[in-house]
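Written below as structure tokens is the structure these notes are about.
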Amino acid sequence: KVTTYLGGSLYKDKDEVEPLRTGAIDISSHTYSNWNAYVPATEIWDVGGLFPGGWDQKLKVLDELMKVFDPELQAKAGVKQIGWLAYGDLGTLGNNARPITKPEDLKGLKMRGISRRMAKWQESLGSSPAVISSAEVYTALQRGTVEGAMSGSTTFTDRKWIEVVKHVTNVDGFAHMFFYIHMNKKRWDSMEPAAQQIVLQATREAQESANKVALDEHKKAVQVIAQKTQFVQLSADETKRVWAPTTKAVVEEYFKDSGSLGQQIKQLIDRTS
């Protein structure tokens, strides 16, 4: 029998690492960069502009990335990586000051950042980033604690941020998030091979479903945002030509901090671009 706990009802996303490592929970899907204390390269989805080919390239390399990361996570964190789930885009920017059509428009804005890597990128453009929980953003925008926020398009609709921002820009393909599914290594090793294969097959089926859902939900969210705010849609070409180059310093720092694993990832990205 499998008992599931949805939506952070057992542990919050950022608090799942230790319970999973110790076996307090057997399996979990969560933000990949939660493992950065053990494997710094897991911050891969926190770096915008890292993949020149955008969404399609990321889908192409996800399974290969698992082969790179899994041995490291097993050895250093005590977890087995068994699959991944697509969340969708992370390139949606909303604010109450002005339309954002180019990176320079972020200068001077106090913006909510998604992560420390993304916050460094925002800071390099002259923004004043604050890394706060998505659950706190609505109130922060409402009170003016921050002037704007960055996240996925569905977050703007699901968490009703569109009620408290005037301008929204979607930077097509700039960044995406994938949640990886991990299992306590001892629990995994205790399973019969046939049972392991059943688990892996289930994750593959979930992956296919999540991919479609992520794209469909993004399209629906963008339509709603366009109706409710002053909306700007930037093309994938603009992202590649104008936005991605602004992340160069953050990308280089990511590869440096990731050591030999970072070099493997860089080679994989270059090979599939």
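Where a number appears in this text, it was derived from the coordinates with a stated rule and is not lab data. Owing to the predicted nature of the structure, the values given are computational and were not obtained by experimental measurement. Ideal geometry is used to build each Cβ from the backbone, glycine not excepted, and the neighbour counts take in all protein chains shown.
A few comments on the model shown:
- Neighbour counting of Cβ atoms within 10 Å sorts the residues SER209, SER124, fewest neighbours leading, into SER209, SER124.
- Assigned charges on the beta-carbon of Lys, Arg, Asp, Glu; the chain dipole about Cα centre (debye): 380
- Long-range Cα-Cα pairs in segment 54-97 (distance over 12 Å), rounded percent: 69
- When shorter helices are ignored and each DSSP H run of at least 4 residues is given -39500 (n - 2.57), the per-residue value for the chain at 222 nm works out to -14000 deg cm²/dmol.
- Helix 259-272 and the long axis of the chain differ in direction by around 70°, with both axes built from C-alpha atoms.
- Among the trypsin sites (Lys or Arg not before Pro) found in segment 9-41, those both in a DSSP coil and sparsely packed, with 13 or fewer other Cβ atoms within 10 Å of their Cβ, are LYS12.
- Three principal axis extents of the chain based on alpha-carbon atoms, in descending order, are 57, 38, 30 Å.
- Qualifying trypsin sites (Lys or Arg not before Pro) in segment 34-119, DSSP loop, other Cβ atoms within 10 Å at most 12: LYS107
- In angstrom, the C-alpha Rg and Dmax of segment 127-224 are 18.6, 55.
- A quarter of the convex hull surface defined by the alpha-carbon atoms of segment 163-273 gives 10.7 nm² as the mean projection.
- Ordering VAL251, ALA77, PHE179 by Cα displacement along the dipole of the chain toward the positive end leaves VAL251 in first place; charges were set at the Cβ atoms of Lys, Arg (+1) and Asp, Glu (-1).
- The convex hull of the Cα atoms of segment 25-88, projected and averaged over all directions, covers 4.4 nm².
- A convex hull fitted to the Cα coordinates of segment 1-128 yields 139 cubic angstrom per residue.
- Derived scalar couplings between HN and Hα for segment 82-98 equal 10, x, 8, 9, 6, 8, x, 6, 10, x, 9, 10, x, 7, 10, 9, 6 Hz in order, rounded to whole Hz, by the Karplus curve 6.51 cos²θ - 1.76 cosθ + 1.60 (θ = phi - 60°), x for Gly and Pro.
- Taking chymotrypsin sites (Phe, Trp or Tyr not before Pro) across segment 118-207, none is in a DSSP loop with at most 15 further Cβ atoms lying within 10 angstrom of its Cβ.
- Relative to the longest principal axis of the Cα atoms of the chain, helix 193-228 runs at roughly 10 degrees.
- Net charge dipole size for segment 1-83 [Lys, Arg +1 and Asp, Glu -1 on Cβ; Debye, nearest 20]: 160
- Length added when fully stretched, ARG271-VAL2, from 0.36 nm per residue minus Cα-Cα: 92.9 nm
- Distance between modelled label sites at LYS67 and ASP216, nm, 7 Å Cα→Cβ extension: 3.1
- Pairwise alpha-carbon distances in segment 151-202 exceed 16 Å for 62% of all pairs.
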